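The values are calculated or read from the model by the stated rules, or taken from the named source; none is laboratory data. These numbers come from a predicted model, not from an experiment. Positions of Cβ are generated from backbone atoms using ideal geometry, with glycine treated the same way; all protein chains shown enter the neighbour counts. Accessible surface is based on the protein model in full, side chains and every heavy atom, while ligands, DNA and RNA are left aside. Shrake-Rupley method; radii C 1.70, N 1.55, O 1.52, S 1.80 Å.
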Amino acid sequence: MSVCARSITRLRLFGSFTPVSHTTHRAYNYEQFQSHSTTSLRSSSRHRVHSRRTIHPTTFLVQRSAPSFFTVAVVLGIAVGGALLYPLVASAPEERKTDRRDSAQEFDYSTLTDSFLIMAPNTPPGRPGTLTPEQEGKLRELWALTMKVFGVYEPPETEDANGPEVPSTPASVAGDKEGKEKKKKSRLHVFKRKDKGDKGTDSSTPSTTATPSDLSSLSLADEDDKHGQTKEFKAAIANSSPEDLRKAFWSMVKHDHPDGLLLRFLRARKWDVEKALIMMISTMHWRAEEQHVDDEIVRKGELGAFEESKSSDPKLKKEGEDFLAQLRMGKSFLHGLDKEGRPMCVVRARLHKQGEQSEESIERFTVYTIETARMLLRPPIDTATIVFDMTGFSMANMDYAPVKFMIKCFEANYPESLGTVLVYKAPWIFNTIWSIIRGWLDPVVAGKVHFVKTAEDLEEYVPKFQIPVDLGGDEKWEYSYVEPKEGENDLLKDESSRESLQSERRDIVKNYEGTVLSWIHNPEAETIEQRRTERDSIAEQLRSNYWKLDPYVRARTLYDRVGVIEESGKLNFYPSKKEAALPTTAPPKAQETSADDLD
């Protein structure tokens, strides 16, 4: 039975029927129709009581009460009116596009907020301010384990065997010798381990959630550990001091909400607290010990690479030259927003050839780009879009090592950072390559990959007036690299100002940790909303402090020089030409791939 037939049968049961089209019926408010039908039925019933006239079934469909005819008239009026207005409605999107194209320099950022005290109305679920009670409980569990790893957790002391629990001051906050000695002797559990026979508790109050007595015993199952995070986690626990891991974490926070950073790992691990902890601590180890993200890549930046390119050390010189070469040719760059307001990173695959740059410089460039993209995220936007421009791609451009590194970055070290991946104009030879790459991807990540063949397909994700002309759009913009200027990073040398701001930040961090510890030890002392508001307020202090500290810890980037990242972290995704009119060096002509390059 068709949908329309089922609808007719259902409505006959109510005693009335309006002969409207299936399309009109779908748009009709069924609850209103049911109420009206019931009224009509009662009216018809009263009529039949006073009249013995026989009504033929087909005639019954036509003989309706006045309100029923009024309904028919309204529905027909809407249908006719919609047909008449359709040309105007159809042309409206084009008119809006034209208007926005004319004011592309004045993109509306009203949906973004740079304050954690103001929650954007379209904040996605699983973020600060949109958590369910169960998710709040998971966040509290992860904070407790994290505080333990960082060496700032102290189990609550009791007055006597039956006395109330009293939160202790963490040793790193108190800073006294007695506190440190107490920390060494403290038990290795955060929450009491439940016996196998114990019944579970509500996850919104996870104070009795089972956790291992020794964090070093945690591990991931083989199927969950394709990036070797268990090994990195155990190396971090065994070889890194708690304070070093703590510093790496708060350094990664930057202008983000601390809760938001933990929630990324929880969402990535489907709210499994122990898996999220392993993932997060292994990331801190990766940042601090393997990649030296904050103390080298971010701090040295582009000017540091320029200075390396002048070095007498051949290896250092090549690393600097290779890093700058990728910036100058625009192998990948950040520009503009998609329809969801996400910053876009364009990767021009044709500009890469295996062996032209060292593997270390490619990894450094990849991390540098991701870290720079993080500077462009503001609530509620916490993900980015990557556009792989496959125009002119051939097998000579294929290099699996950088692809694997990029996959590891997004799946293991920057979780929940990808909004969507657009593969643009992929040639037929990419089909085989994609079948291999897809096998390496987590199914969730693979589901974010979309193939777009034409500029019209790309318009589904990016407004045409915001698509650069070389990608088939209307935006008259081309990438050109603005060289770093001598002296632009002089504030990095101002140790006095940096230490003053870092001291302020340390105090704010201790305050935040103290609030978290109070929440851990006394989950029911205040409502969830009160707890969140308290953390949001301190997170706002951290955000404000970071943008004061930023010029003293982060080297200036291309995006600072052209005006995308403005003073105090303000953003202008489409700076005017006047703002971007700085001395530039023409990028070297892209070395396109010829047929002779094919393998």
Return the only residue of 364, 348, 328 being farther than 21 Å from residue 292 by Cβ, under 25 Å from the mean Cα position of the chain (by Cα) and of a type in the set (Lys, Arg). 348
Of these, 338, 322, which one is closer than 21 Å to residue 478 by Cα, out of contact with any Cys (no Cβ under 6 Å at 6 or more places or on another chain), at pLDDT 95 or above and buried (at least 18 other Cβ atoms within 10 Å of the Cβ)? 338
So, of the residues in the stretch 485-513 that are open to solvent by 30 Å² or more (accessible area, probe 1.4 Å) and closer than 25 Å to residue 155 by Cα, which turns out to be farthest from the chain's Cα centre (by Cα)? 507
Look through 358, 309, 332 and report the one residue that is in contact with a Lys or Arg (Cβ under 9 Å, 6 or more places away or on another chain), buried (at least 22 other Cβ atoms within 10 Å of the Cβ) and of a type in the set (S, T, N, Q). 332
In this structure, is residue 538 surrounded by 17 or more Cβ atoms within 10 Å (Cβ to Cβ) and under 17 Å from residue 257 (Cα atoms)? yes
Quick count over the stretch 403-414, residues being surrounded by fewer than 17 Cβ atoms within 10 Å (Cβ to Cβ) and either in contact with a Ser or Thr (Cβ under 8 Å, 6 or more places away or on another chain) or under 8 Å from residue 354 (Cβ atoms) (or both), is 1
Under 8 Å between Cβ atoms, at least 6 apart or on separate chains: pull out the pairs that start in the stretch 125-147 with a residue that is free of Cβ contacts under 8 Å to residues at least 24 places away in the same chain and open to solvent by less than 10 Å² (accessible area, probe 1.4 Å) and end on any residue that is hydrophobic (A, V, I, L, M, F, W, C) and in a loop (DSSP other than H, G, I, E, B). none
Among the residues that make up the stretch 262-273, is at least one of them at negative phi, assigned to a loop (DSSP other than H, G, I, E, B) and either open to solvent by 60 Å² or more (accessible area, probe 1.4 Å) or at pLDDT 95 or above (or both)? yes
For the stretch 277-321, how many residues are in a loop (DSSP other than H, G, I, E, B) and within 21 Å of residue 227 (Cβ to Cβ)? 1
In the stretch 382-401, which residue that is open to solvent by less than 30 Å² (accessible area, probe 1.4 Å) and in a helix (DSSP H, G or I) is farthest from residue 339 (Cα to Cα)? 396
